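Written out below as structure tokens is the structure these notes cover.
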Amino acid sequence: MRVCLFGGSFDPPHLGHLGIAEYIRDELQFDLILFIPAYIAPHKVKYRITSAEHRLEMLKLALKDRPGLELSDLEIRRRGISYSIDTILQIKKIMSLRSDDLYFLIGADSLLDLQTWREPERILTESRLLVAARPDFSIDNIPENLRGRVKFLANPLLDISSTQIRQNIKNNHPVQQLVPDSVADYIARNGLYKN
């Protein structure tokens, strides 16, 4: 079984997240793309983040009727700061996966910061790193010692960010083209991101 872990805050989940997940599922023939929302992302400790319950509910709605895309609440249940290496090791054990069958998806911007993560070398040995292209990204910015150890994706570039969506909502601008309709409805019903 080939599994790809897709971690993040997902605050909120958007069409960019879903687009990249469906792209790699189809192009790289994964059996499962596992969305894993962080309880607290290490690089966002000082930021206010929407409750885990709301983020889980939005992801459930976003992933509904999308074969091969599933949600794991592992980091939410574990609580505390969500370190990627802990999640990789836990998923490997739970699912009895070898390092060659477990992939970990990050954005190109995150790859630039990988050396600041907890046990970056172990992340590279315990899983295979997939790097999603981002607008204005150049492989020339990546340290040479990493280039041969990760797989760069030729994914479609969707210039959507959760930050942009939260700002749109705060400014009463539409988000219907940025998130699934079910997520937009949930955000409106629960008054999220208004302040």
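Annotations
- Helix content alone sets the calculated 222 nm mean residue ellipticity of the chain: runs of n ≥ 4 DSSP H residues at -39500 (n - 2.57) each, divided across all residues, give -11000 deg cm²/dmol.
- Among 83-95, 155-167, 8-20, the order from most to least packed when residues are scored by Cβ within 10 Å on average: 8-20, 83-95, 155-167
- Of the trypsin sites (Lys or Arg not before Pro) found in the stretch 1-67, those that fall in a DSSP loop while having at most 14 other beta-carbon atoms within 10 Å are Lys46, Arg48, Lys64.
- Globularity index of the chain is 1.00 (Cα radius of gyration / 2.2 N^0.38 Å, N = number of residues).
- For the stretch 147-191 and the stretch 20-62, distance of Cα centres in Å: 12
- Taking amide H atoms as placed 1.01 Å from N in the peptide plane, the amide H of Arg134 lies under 5 Å from those of Ala108, each 5 or more residues away in sequence or on another chain.
- In degrees, nearest ten, helix 52-63 long axis to first principal axis of the chain (Cα): 80
- Listed pairs Lys60/Lys194; Lys151/Lys194; Lys92/Lys170; Lys93/Lys170 exceeding 32 Å between Cα atoms: Lys151/Lys194; Lys92/Lys170; Lys93/Lys170
- Between 0 and 90 degrees, the angle of helix 181-190 with respect to the longest Cα principal axis of the chain falls at about 60 degrees.
- Spacing of the two label points (7 Å from each Cα toward its C-beta) at Ala188 and Ser51, in nm: 2.2
- Computed from the C-beta positions of Glu144 and Asp26, the FRET efficiency with R₀ = 30 Å rounds to 0.45.
Values in this text are rule-based calculations from the coordinates and carry no lab data. On a predicted model such as this, the values are computed, not experimentally measured, just so you know. Glycine gets a Cβ as well: all are built from the backbone with ideal geometry, and neighbour counts include every protein chain shown.
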